[in-house]
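Have a look at the structure below before the remarks.
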Amino acid sequence: MSSIDGGISWTNINNTTSTLNITPIRSTLYKAVVKNGSVCVEDESSQVLVDVYSQIQILNQPISVNTCANQNKTFSVLANGDGTLSYNWQVSSDNGTNWTNISSAPTNYSGYATSTLTVSSGNVTLANSGLKFKCIISSSVNCSPVTSNIVTLSVSSSGVPVINTQPSNQTFCTGSVANISLTASGPSLSYQWQSSTDNIS
């Protein structure tokens, strides 16, 4: 018999042997009623609790970083699961062939046992461009650990954005759509267009 309300109500299970093999999907109480062939004589086992914990799930994966040198950068992972989650960030300098626990060499890193790893500015150098990171997440209820996606720290040799192709003047009639564009190179580019109607000949 099984119960999911703490033993208030019980449901018979289609099993007539002394061993019960189950694959529970939620925490459940179980007990057995043993009869000797007569409906009037029976004995009841102790209740046993089968606790079921949810597996760890990664909700948001870490994202690769493209940056200028000498700036603090972070990698973050968001996960949930039963029990207390623990985090172990690892680093690879050979394109993911070998991995090292950052906790064993924490210089220039912080947060390597949390959901957010910080790579301090002293480690964000051109020489470290290409370092790869991943996070192994485990739980206190011993569900199987999960590993995040592998992400890359890319460090640009130049911190100055360069415009490769400048926008050009255009002439349009009223109501037409002007498409003004440029091309640029550099790390983590963003664009802010501006306009001016002053001193136009």
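Observations, loosely collected:
- Cα centroid separation, the range 1-38 to the range 100-171: 51 Å.
- Rounded to the nearest 20 debye, dipole of the chain from Cβ charges on Lys, Arg, Asp, Glu: 440
- Distant alpha-carbon pairs in the chain (separation over 25 angstrom), percent: 63
- Nearby aspartates and glutamates by direct alpha-carbon distance to LYS35 (threshold 19 angstrom, same-chain neighbours under 8 apart not counted): ASP43, GLU44
- Antiparallel bridge percentage (DSSP; both residues within the chain; nearest 5): 90
- 28 Å Cα-Cα reach of LYS134 towards lysines, excluding residues that sit fewer than 8 places from it in its own chain: LYS73
- Among 4-15, 189-200, 47-58, sorting by the average number of other beta carbon atoms lying within 10 angstrom of each residue, highest first, gives 47-58, 4-15, 189-200.
- Summing +1 for each Lys or Arg and -1 for each Asp or Glu among the other residues whose beta-carbon sits under 15 angstrom from that of PHE75 gives +3.
- Hits among aspartates and glutamates - C-alpha to C-alpha of LYS132 under 18 Å, sequence gap 8 or more where chains match: ASP94
- Rolling a 1.4 Å probe over the protein heavy atoms of the chain, with every protein chain left in place, gives an accessible area that is 48 percent carbon and sulfur.
- Across the chain, C-alpha contacts under 8 Å between residues 6 or more apart give a mean separation that, scaled by the residue count, equals a relative contact order of 17 percent.
- Values of log10 I(q)/I(0) for the range 84-177 across q = 0.25 Å⁻¹ run -1.31, by the Debye formula with one identical scatterer at each alpha carbon and no solvent.
- Computed over the chain with a Gaussian network model linking Cα atoms closer than 10 Å, the most mobile of SER176, SER156, SER104 is SER176.
- Computed over protein heavy atoms with a 1.4 Å probe, the accessible surface of the chain works out to 68 Å² per residue.
The values are calculated or read from the model by the stated rules, or taken from the named source; none is laboratory data. If you're wondering where the values come from, they're calculated on a predicted model, not measured in any experiment. Cβ atoms come from the backbone with ideal geometry, glycine included; neighbour counts cover every protein chain shown. For the accessible areas, the whole protein counts, side chains as well, though only heavy atoms, and no ligand, DNA or RNA atoms are used. Shrake-Rupley method; radii C 1.70, N 1.55, O 1.52, S 1.80 Å.
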